Amino acid sequence: MVLEAQRQLLQEIANGGIREPPSQYVHREEDRPTGAVMAADMVLPTVDVSRLVGAPDDHVDEAAKLRSALESWGLFVVTGHGIPKELLDGILGVTRDFFYLTPEEKLKYSNVIDGNKFQHEGYGIDRVDTNEQILDWCDRLYLKVQPEDERQLELWPSHPQFLTALLHEYTRKCEQVTKVVLGAMATGLGFTEEFFIDKVGERVTTFARFSYYPPCARPDLVYGVKPHTDNSVLSILLLDKDVGGLQVLKGETWVDVPVLGHDLLVLVGDVMEIMSNAVFKAPVHRVVTGDKERVSLVMFYRPDPRKDVEPAEELTGEKRPLMYKRLNARDFADGFWDAYAAAKRAIDFLKLRPAEHGAAA
Ligand SMILES: O=C(O)CCC(=O)C(=O)O
Ligand SMILES: [Fe+2]
């Protein structure tokens, strides 16, 4: 059985033009998105992917930049990715168009089966485990895009007309970017390009998350997405071209990610944090709302579920003790959602830090 709140579509609530968010969306005072936020226009690191596939000197140079970006921020803005603007505009356009459909039309792809069973894939809201859970100000469509033979195509919307074709194309382009980035993450650490690619395995799973954040009259009370790290090796984000809202935690300060036009954003996810034995740390990030609607599309790149997630031996030693325990990739991905619903970090929730390093990691 799902809880009543699981079937609640935010867009329907928000379309009514309510002034005060319902209590289920309102965070406790100490958890609200208040406090200083720094503008990041000048500071976010940038990596030019075209240089990573260019001349060897350029690769070495850019891979060093990438390493330093990931060590300090756990993320970077991606330029030179070669994905046509038309594809990027097109896919954000169909994202918006999908959420503009009637509820009846969207519910053909519902993530609640027969009105009572939750599945991750499909249209709706994130999993609701308790009546006390504070809900995010966001509806989403979540689809497995890779491996291609595991797509549940009955959940891929037939309207807007080009959504399926664009998603297919975008998936392939993102995979290329991911491989180049994973390769450079390895070479930047002195390994061969295949180092991380081999560890994630052959049948990597990629999920696409299309998010729609309705306008909110009280952005001081709610989150579009509450603070979290990602259930991924890497995530590739395509952000709304006009409306910001994503913020990342740098040290103690929340930093606004500016609108990025046709650039993408790569984030380190929990799985890479574990595999790299915390050389690369997954950045905590969140989405705040505002008076304008916002859309985004995130691709979450996950390991082959048959693989184990564990720190690379080569990154473990006297200077860098083992930071995390090993866990099967499927168990990690499943456990992640239990943690997510409880607003906890998966690494802590799943008790993956050996006791003696708990404080240091
Ligand atoms: O919408 C965004 O900017 C980011 C959303 C996000 O962090 C997520 O879906 O994991
Ligand atoms: Fe995220």
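The values are calculated or read from the model by the stated rules, or taken from the named source; none is laboratory data. Predicted model, so just to flag it, every value in this text is computed and none were measured. Glycine also receives a Cβ, built like all others from the backbone with ideal geometry; neighbour counts cover every protein chain displayed. Remember, those area values only see protein heavy atoms, side chains included, never the ligands or the DNA or RNA. Shrake-Rupley method; radii C 1.70, N 1.55, O 1.52, S 1.80 Å.
Structural remarks
- The range 284-322: number of residues that are assigned to a loop (DSSP other than H, G, I, E, B) and either surrounded by 23 or more Cβ atoms within 10 Å (Cβ to Cβ) or within 16 Å of ligand 1 (Cβ to nearest atom) (or both): 7
- Residues of the range 149-174 that turn out to be in a helix (DSSP H, G or I) and over 18 Å from Gln119 (Cβ atoms), as a count: 13
- Among the residues of the range 255-268, just one is within 13 Å of ligand 2 (Cβ to nearest atom), farther than 15 Å from Asp242 by Cβ and surrounded by fewer than 23 Cβ atoms within 10 Å (Cβ to Cβ), namely Leu265.
- Scanning the range 248-293 for residues that are basic (Lys, Arg) and at pLDDT below 95 yields a single hit, Lys250.
- Tyr212 being under 19 Å from Ile134 (Cβ atoms), hydroxyl-bearing (Ser, Thr, Tyr), more than 9 Å from ligand 1 (Cβ to nearest atom) and not in a loop (DSSP other than H, G, I, E, B): yes
- Filtered residues of the range 215-227 (kept if near ligand 2 (Cβ under 10 Å from one of its atoms) and either open to solvent by less than 10 Å² (accessible area, probe 1.4 Å) or under 23 Å from Tyr170 (Cβ atoms) (or both)): Val225
- Filter pass, Arg140 being in a strand (DSSP E or B), surrounded by 15 or more Cβ atoms within 10 Å (Cβ to Cβ), touching a residue at least 12 places away in the same chain (Cβ under 8 Å) and within 16 Å of ligand 2 (Cβ to nearest atom): yes
- Filter pass, Ala5 being crowded, with 17+ Cβ neighbours inside 10 Å and in contact (Cβ under 8 Å) with a residue 40 or more places away in the chain: no
- Test: residue in the range 111-123 that is within 16 Å of ligand 1 (Cβ to nearest atom) and either in a strand (DSSP E or B) or among the aromatic types (Phe, Trp, Tyr) (or both): yes
- Criterion (at positive phi and within 24 Å of the chain's Cα centre (by Cα)) met by exactly one of Gly80, Gly115, Gly90, Gly17: Gly80
- Selection of the range 64-92 for residues being without any contact (Cβ under 8 Å) to a residue 40 or more places away in the chain and not in a loop (DSSP other than H, G, I, E, B) yields Lys65, Ser68, Ala69, Ser72, Glu86.
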